[in-house]
Amino acid sequence: MTGLFKRIWLFYFEGFRSMKIGKKLWLLIAIKLFLLLVVIKWLFFPNILETHFNSDTQRSEYILEYLTQPKE
Amino acid sequence: MEHIDMLVDWSRAQFALTALYHWLFVPLTLGLTFIVAIMETIYVKTGDEWWKKTTKFWMTVLAINFAIGLATGIIMEFEFGTNWSNYSWIVGDIFGAPLAIEGLMAFFMESTFFAVMFFGWDKVSKKMHLLSTWLVAIGSNLSALWILVANGWMQHPMGMRFNPDTARNEMQNFWDVLFNPNAVNKFLHTVSSSYVLASLFVIGVSAWYLLKRREVKFAKRSIIVAASFGLLASLYSISTGDQSAYQVAQTQPMKLAAMEGLYKGENRAGIVAFGILNPKKKPGDDHDPFLMKVEIPGALSFLGYHDLQAFVPGVDDLLYGNEKHQIAAIQKKIDEGKIAVAALKAYKEAKKSGNKQRAKAALERFRAHEKYLGYGYLKKPEDAVPNIALTFYSFHTMVGLGTWFLILLILTLYYTMINEIEKKRWVLYAALWSIPLAYVAHEMGWIVAEVGRQPWAIQDLLPVGMAASNLASTSVMITFWLFAILFTGLLIAEVKIMTTQIKNGPEEH
């Protein structure tokens, strides 16, 4: 089993090490994921229903209230 | 009220921006994976090292596109939670299940078979490597299936029931959702047109090599594979486009009317081959809808109903009703929708006060009118009409370009087969300049699909105005510009890395 994991590890490790253009791409992926998942998600994208309410019952009540009080 | 309109407009603009940018990366991946798999199959069959070199070059191009496009779709998932939280709650598990399957499939495919495809050339057998390449192609296309199933459901909701206690749509039949005709056609049309885009990309890049008199053998081989694949995909795309139009006619007639700028319905309705809309035209007035047009008689009736004589309702028929053809006016649907909203409210209040009898009666009333629920939120009938000019011009640009691509694919395949392609420099230039046109056609397709179904987030059930979260419109505006900058940066990076790689040629990857 340890041998299998070692082979899988070496497969990925050597694959990444021998890349040419891939290194540039991975750097780009890392920067992008940092911007998307850390900066943008953290600063601008809280899930409104998740953060404002504690339970699904409260969320349902809020949406039902919203649906039955149309904006005039 | 003005704040809400601005908020909805900015939220829609932001979602449109992220979706359109995301779609700049996806179709090339969907198509190029198959082209690469075909090339590698030829290599494994023939043992010719040239094909291995050709496969590896296009695989590198695929890797660049994949890496830069990776996770650009994730912003849309953030937006569901932030900008469209009401919508996300109401769609419930209908959206959750396909997206979860897509996420799992993408993760397993990308972390295993993608790795074997890129790292495994000298580490696994030829056949294992080929299998991995095919699985990447099939897996990435299946990923698209789940997203398009979710989109198809929004265009034509089925297989669910609205639960008035939780305010969520609950899945009643998974197979109805999966095999929703709208979703099936949308998937087939989207992937087949993605294959056309990828083929045009490969042909365009190969044409550039031929214009530069470089990599001639490589370029011709690439054109043969891409043009053959693209031609088959193009013909299939025409057939799936026809099926999509048929579906639209049955389930979204207002979208069909907008696609053709048809205000007054008619039997033997024609398709506008070329036309300029009259900007003064409004629904219900007597202005001519077109300043000029060239029409193919009967074609729209045939496209929409597979009958040359069929009546195709126009915007005015759908808006104000048409007794002869038993089409209800939107105002009638608005009235029914308001009854559904009032019944839902009465049900909620009766439940709260513990009056079971009143709750039961209110629920029955709601069920009788719920198919028009969304209309209850429209302020006036005209709100049910999408932006006709944008839908019309996008549709006609897409169809026009699709026709041009078919001609181009035939020309490139023919001249390459008779070994004349290098002499036909105008064909090579046309192929090169058709790369951006393929992207334009794809984006136009999405505009037709999404703008044409407005004002609905979920067809007939939830207008976009009710789907949006109550946020400050300025924060949505700020994030709109943030994304515009981020995505433009990614696009510039992609084009720069890609062009450098192409200039280096197949020897260097």
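Between the C-alpha center of the range B:222-299 and that of the range B:62-128 there is a gap of 33 Å. Inter-label distance, B:Asp9 to B:Lys123: 5.4 nm, where each label sits 7 Å from its Cα along the C-beta direction. If each of B:Val495 and B:Leu99 carries a label point 7 Å out from its Cα toward its Cβ, how far apart are those two points in nm? In this crude spin-label approximation the distance works out to 3.1 nm. Taking 19 Å as the limit for the C-alpha separation, the pairs B:Lys56/B:Lys220; A:Lys24/B:Lys220; B:Lys186/B:Lys264; A:Lys23/B:Lys56 exceed it in the case of A:Lys24/B:Lys220; B:Lys186/B:Lys264. Note on B:Trp175 and B:Lys332: the extension gain reaches 53.3 nm, defined as 0.36 nm multiplied by sequence separation minus the Cα-Cα distance. If R0 equals 41 Å, the separation of the Cβ atoms of B:Glu77 and B:His287 corresponds to a calculated FRET efficiency of about 0.40. With a Förster radius of 22 Å, plug the Cβ-Cβ distance of B:Leu20 and B:Ile296 into 1/(1 + (r/R0)^6) and report the FRET value to the nearest 0.05. For B:Leu20 and B:Ile296, the calculated efficiency is 0.15. Straightening the chain between B:Lys264 and B:Ile485 buys 75.3 nm, computed as 0.36 nm per residue apart minus the Cα-Cα spacing. Placing a pseudo-label 7 Å from each Cα along the Cα-to-Cβ vector at B:Lys503 and B:Glu323 gives an inter-label distance of 7.2 nm.
Once Lys and Arg get +1 and Asp and Glu get -1 on their Cβ, which of B:Val202, B:Gly241, B:Val184 lies farthest toward the positive end of the dipole of the range B:171-246? Of the candidates, B:Val202 comes out farthest on the positive side.
Taking a point 7 Å from the Cα of A:Thr57 along the Cα-to-Cβ direction, the residues of the range B:354-387 with backbone N closer than 16 Å to it are B:354.
Axis angle, to the nearest 10 degrees, between helix B:330-353 and the longest C-alpha principal axis of chain B: 70 degrees. Legend: mean number of C-beta atoms from other chains within 10 angstrom of residue C-beta atoms, peptide A:9-22, equals 4.
Filter the trypsin sites (Lys or Arg not before Pro) in the range B:221-302 to those in DSSP coil with at most 11 other Cβ atoms within 10 Å of their Cβ, and list the result. Could you put the intermediate results ahead of the total?
Values: sites: B:Arg221, B:Lys255, B:Lys264, B:Arg268, B:Lys280, B:Lys281, B:Lys293; in loops: B:Lys264, B:Arg268, B:Lys280, B:Lys281.
Filter output for the range B:221-302: B:Lys280.
A DSSP coil position with no more than 13 other Cβ atoms inside 10 Å describes the following trypsin sites (Lys or Arg not before Pro) in chain A: A:Lys20, A:Lys71. For peptide B:159-169, the mean count of partner chain Cβ atoms within 10 Å of a residue's Cβ comes to 3. Using the Cβ-Cβ distance between B:Tyr414 and B:Ile276 with R0 = 41 Å, the FRET efficiency computed as 1/(1 + (r/R0)^6) comes to roughly 0.75.
Restriction of the GluC sites (Glu not before Pro) in the range B:312-418 to DSSP coil positions whose beta-carbon has at most 10 other beta-carbons within 10 angstrom yields B:Glu323. Which Cα, out of B:Gly159, B:Met59, B:Gly270, lies furthest along the positive dipole direction of the protein assembly as shown (beta carbon charges, K/R +1, D/E -1)? Checking the options against the dipole of the protein assembly as shown, the answer is B:Met59.
The numbers here are math on the coordinates, done by the rules we state, and not lab data. On a predicted model such as this, the values are computed, not experimentally measured, just so you know. Using ideal geometry, Cβ is built from the backbone for each residue, glycine included, and neighbour counts are taken over all protein chains shown.
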